[in-house]
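Bear in mind these aren't lab numbers, they're just calculated from the coordinates by the rules spelled out. The structure displayed is predicted, hence computed values, not measured ones. Here the Cβ positions follow ideal geometry from the backbone for every residue, glycine too, while neighbour counts run over all protein chains shown.
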Amino acid sequence: MQVLEEGQGKLIGWVDPDEMRKWVRENKSRELKDKRMSVSDAVSKFIKDGDFIVSGGFGHVRVAMSMVYEIMRQKKKNLAMAGKTAVHDIDLLVASGCVNKVEVAYSFGHEMRGLSPASRKKVQDGECEVVAEITNADYQWRFLAGMMGIPFIPARNMMGTDTFKKSSSKIVKCPFSNKNVTLVPSCNPDIVFIHVHRADKYGNAQIEGISVEDFELARAAKRLIITCEEIVDEEVIREKPYLTTIPFYFVDAVIEVKYGAHPCNMPYRYYFDEEHIGMWLKMSKTPEGIKEYLDKYVYGPKDFSQYLKLVGGEKKMKSLMNIENLNFNEYAEE
Amino acid sequence: METTYTKTELLAFVASRMLEDKRSVFVGTGLPMIASMLAQRTFAPNLLIIFEAGGVGPKVPTLPLSVGDSRTFYKAVSASSMHDVMSQAQAGYIDYGFLGAAMIDKYGNLNTTVIGDWEKPKVRLPGSGGANDIGSFCFKNIIIMRQDKNKFLDKLNFITTPGYLDGPEGRKKAGLPEGGPYRVITQFGVYGFDEETKRMKLISLHPGATIEDIKENSSMEIIIPSKVERSPEPTQNDIKILREIDPQGLVIGNE
């Protein structure tokens, strides 16, 4: 197959499928064992400076924020991160200096809420490198190829655009259709962290609502850390096995973090904390504001439960639960 | 009684009228969402709304703030995955797509990645997100954006999302599927694309807008046909529904 055009972006997260098979064989235990630990132990045990990390969920939805805060608290450095539509997580991790390389489908913005002042400035000042461009569909297909154990997957987009030129993909003539087709490289990230509704102590994880790309991402990961709203008995999982998006043998650590997506949206549980996100967007316009925010909400609290108290605790979460459940009257009475 | 409305309400209304009943549409947050909801609640009750993060056919209760938020699969027929819906788009299941952009060129190519040099950006924008996917895969794309001399350009410094690329044969030569930009809606009017040249062409002017406005606020040459229509105006009922969809005026409240 002749390569017609090569994207000039840097290839990150690609692992030769045979090397990945070897890694899986040697490192991914098939044993049903208790994987519970603390968030801080999971971060210190699995995440090394320079790793390529990917956060699950989508935008401000179902994001493992306790992991994001802990990575910042432990001052991890030179991390590369997938901007696979990454919003609040990547904004904080770039602003705090933990992440300095990003492959961008969508980053440095907060969707309807506007651009991210902090991470955008880091890119414009040359302190954070955009290693490559890509699209949302192609990023999740990178993970799909990664979970399938194949080196690339064909796609029919990006051709003719600068998004392709700055990507790490290649264009070839398809041997079947004789038309041009984009080959998107597979991706097996060093570290993936995903927040889910429930899991058992072995890591069998269930998601309610859209899975976005977490089915593929979990299976493509070298190391997978699951945080969940609640840890339940194995029997609860086995009662409804069709809800299990991620079975235990993909999972390396499981941690119960109630409200662990705050200030992001946890479907069927609690809505976005617009007040908190708005405060960050306002404060992150200046270096002093960024420092003040991080000192107060990230470095100050020693763990997620202390952070939760700081942002309004159960009372706040109750009001966000009412908004999620469209119970606006009750919210008004809060 | 004369209907009063904001400029953004007019845009939402005009966008809604481009959709069709019993067709599918890929929507983002903001105006596209509002336009699709208005279409559903007026003339297109069976418009199938699909969100890129996996929400399919929801009964959207209040305006979602993210294309993945729980409102995008509220009472939906399916809450699935990005792989699922992006594959559906690539396989030809999605008729309409909505796009926004910082800049557009005469062939409807869009830039949402960078202002200035890619290596040393003057302003770094969020990038493609799902835009390149929508621009590549949906059959008819509707672009909603503000128009001025710095946004309507002859040529872009960075093409994030394909329109017709470099003209009539552009997409086919590149290997992209059939599809492309269908309409562009700005604060002044509605544009389509000339059948032969695939260049942007004026279709209708909004109330109060003139051909001079169009020319003064563009750095590309727009085809102006001899007959230019007036954009349709919303009725009192359309405005009532729009304000039910966005009661706080998060989007439609903007002038």
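At-a-glance table
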read-out: Inter-label distance, nm, simple model (7 Å from Cα along the C-beta direction), residue A:179/residue B:62; value: 4.3 nm
read-out: Computed lengthening from residue A:44 to residue A:309, 0.36 nm per intervening residue step minus Cα-Cα distance; value: 93.0 nm
read-out: Average beta-carbon neighbours from other chains, 10 Å sphere, peptide B:59-68; value: 6
read-out: Computed FRET value (nearest 0.05) for residue A:75 with residue A:238, which takes r as the C-beta separation and R₀ as 41 Å; value: 0.50
read-out: Karplus 3J(HN,Hα) series, Hz, for the range A:55-65 with 6.51 cos²θ - 1.76 cosθ + 1.60 (x for Gly, Pro); value: 9, x, x, 7, x, 9, 10, 6, 9, 7, 5
read-out: Rg/Rh for the range B:1-77, where both radii come from Cα atoms and Rh is the Kirkwood radius; value: 0.98
read-out: FRET efficiency estimate (nearest 0.05) - Cβ-Cβ, residue B:224 to residue A:292, R0 60 angstrom; value: 0.65
read-out: Per principal axis, descending, Cα span of the protein assembly as shown in whole Å; value: 74, 65, 49
read-out: Other-chain or far-sequence residues with amide H under 5 Å of residue B:98's (modelled H); value: B:26, B:28, B:142
read-out: Under the Karplus curve 6.51 cos²θ - 1.76 cosθ + 1.60, θ = phi - 60°, whole-Hz ³J(HN,Hα) for the range B:131-137, x wherever Gly or Pro sits; value: 5, 4, 5, 5, x, 7, 9
read-out: Scaled radius of gyration (Cα, divided by 2.2 N^0.38 Å) that chain A gives; value: 0.99
read-out: Additional length obtainable on full extension of the chain from residue A:26 to residue A:302, 0.36 nm per residue less Cα span; value: 95.9 nm
read-out: 10 Å Cβ neighbours from other chains, averaged over peptide A:59-71; value: 2
read-out: Cα centroid separation - the range A:116-189 against the range B:51-71, whole Å; value: 25 Å
read-out: For residue A:81, residues with placed amide H under 5 Å, excluding near neighbours; value: A:53, A:101, A:102, A:103
read-out: Hz values of 3J(HN,Hα) by residue in the range A:218-230 - Karplus curve (6.51, -1.76, 1.60), Gly and Pro given as x; value: 4, 7, 8, 6, 6, 10, 10, 10, 10, 10, 9, 5, 8
read-out: Residue order, fewest to most beta carbons within 10 Å, for A:66, B:136, B:204, A:319; value: B:204, A:319, A:66, B:136
read-out: Net length gained if the chain between residue B:195 and residue B:237 were fully extended (0.36 nm per residue, minus Cα distance); value: 11.6 nm
read-out: Per-residue average of Cβ from other chains inside 10 Å of A:204-211; value: 5
read-out: Projected label distance in nm at residue A:34 and residue B:123, using a 7 Å step from Cα toward the beta-carbon; value: 5.5 nm
read-out: Beta bridges by DSSP in the range A:3-269, antiparallel share as percent, to the nearest 5; value: 35 percent
read-out: Normalised alpha carbon radius of gyration of the range B:156-255 [divisor 2.2 N^0.38 Å]; value: 1.32
read-out: Estimated FRET transfer efficiency (residue A:326, residue A:282; beta-carbon r; R0 25 Å; 0.05); value: 0.35
read-out: Restricting the range B:1-58 to trypsin sites (Lys or Arg not before Pro) in coil, as DSSP defines it, with at most 12 other Cβ within 10 Å; value: B:22
read-out: Normalised alpha carbon radius of gyration of chain B [divisor 2.2 N^0.38 Å]; value: 0.97
